[in-house]
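Take a look at the structure below.
The values are calculated or read from the model by the stated rules, or taken from the named source; none is laboratory data. Remember, predicted model here, so these are calculated numbers, not experimental data. Cβ: placed from backbone, ideal geometry, glycine included. Neighbour counts: every protein chain shown. Keep in mind that these areas ignore ligands, DNA and RNA; they rest on the heavy atoms of the full protein, side chains included. Shrake-Rupley method; radii C 1.70, N 1.55, O 1.52, S 1.80 Å.
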Amino acid sequence: MHAEHTRSGLWPLLLDSLDPNDGEFRPWGSGEVFPEQMSSPASHDSVGVLARWWETYTAVDEDDMLDAGRRLAVTAPFGQTWPGLAPSRETTTNPDQLAAGFAQALLTDRPQTRLGLVAAASGAEALTAAGWAGPCNYDNAKFSAVVRDWERRFGARVVAVGFSTLHLSVGAPPAGEHEALLMAAEHFAFCPDNIWQDSSPYTLPAYAERITDAHRWDFWWD
């Protein structure tokens with residue numbers, strides 16, 4: 001279906017459910033999708049979107065369970081300062097072949113996954129066109145704008161999407177420590193739960209180590 005996209009105009013997405021034993025197959029079977037509430041990804045600048053999210057998630061709240069020092073240690077060495085985007089990388093791997101291999105592996109792990117066909121120009125735009133509402137209470141076209149930028153800069157491809165999960169293959173992931181730290185900052189702004197609720201220690205440097213040379217990015221929102 002991906003090979004036929006240029007003719008059909010339909011982008012294939014693997015659709016995962018909230019619970020493999022859920023007969024409703026949420027959100028897809030239950031209709032918990034809201035394309036009419038989405039703006040256009042083209043109307044959002046990914047740099048500005050990530051910078052604003054970073055400012056929101058690094059703000060120190062007096063009601064926070066962590067004190068200011070421990071909270072800012074999570075995003076060290078940057079603290080509350082948005083460091084900017086990671087540099088683009090040229091891929092030596094065919095991004096579409098890599099995505100196909102990831103899709104096969106994911107289907108083995110999640111046999112309940114279904115195929116969705118979305119009238120969209122790319123995987124990033126398919127997220128908005130499908131009305132995916134994974135990160136609740138947002139105009140999710142902003143997430144599509146960021147993913148579209150990752151498609152361009154790192155050969156990312158949207159492979160699968162669930163109730164509150166997103167799975168990308170990555171043709172040219174960050175390689176060095178500094179690049180990985182900058183990419184970790186982008187991921188934190190995009191999906192802070194990846195750092196806040198992932199494996200200990202819950203810090204950008206630890207997360208950066210995990211995504212260095214990783215050809216797969218997984219996101220989930222609590």
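Each Lys or Arg adds one and each Asp or Glu takes one away; over the other residues whose Cβ falls under 13 Å from the Cβ of residue 28, this sums to -3. Measuring nothing but how far apart in sequence close Cα pairs (under 8 Å, 6+ apart) lie, relative to its length, region 51-141 scores a relative contact order of 17 percent.
The mean accessible area for residues of region 137-205, using a 1.4 Å probe and ignoring ligands and nucleic acids, is 29 Å² per residue.
May I ask you to list the residues of region 8-42 whose amide nitrogen lies under 14 Å from a point 7 Å from Cα along the Cα→beta-carbon direction of residue 107? It comes to 12-16, nothing else.
In units of the compact-protein estimate 2.2 N^0.38 Å, region 121-165 shows a Cα radius of gyration of 1.06. Temperature 4 °C, viscosity 1.567 mPa s: under these conditions the Stokes-Einstein estimate for the chain, based on its Kirkwood radius over C-alpha pairs, is 72 µm² per second. The string of couplings for region 84-89 from the Karplus curve (6.51, -1.76, 1.60, θ = phi - 60°) is x, 7, 5, x, 5, 10 Hz, one whole number per residue in order, with x for Gly and Pro. Sequence-distant contacts, meaning Cα pairs under 8 Å at least 6 residues apart, place the relative contact order of the chain at 28 percent.
Across region 1-121, counting alpha-carbon atoms alone, Rg and Dmax equal 19.9, 55 Å.
Within the accessible area of region 85-205, the carbon and sulfur atoms contribute 51%, probe 1.4 Å, all protein chains present. Counting only GluC sites (Glu not before Pro) that are in a DSSP loop and have at most 15 other C-beta atoms within 10 Å, tell me the longest site-free stretch of the chain. My reading of the result: 91-222 is the longest stretch. Value of Rg to Rh for region 109-222, rounded to two decimals, is 0.95; Kirkwood radius and Rg both from alpha-carbon coordinates.
Relative contact order of region 123-173, taken over Cα pairs closer than 8 Å and 6 or more residues apart, is 35 percent. Result for the chain in a Gaussian network model with C-alpha springs under 10 Å: among 198, 139, 22, the largest mean-square fluctuation is at 22.
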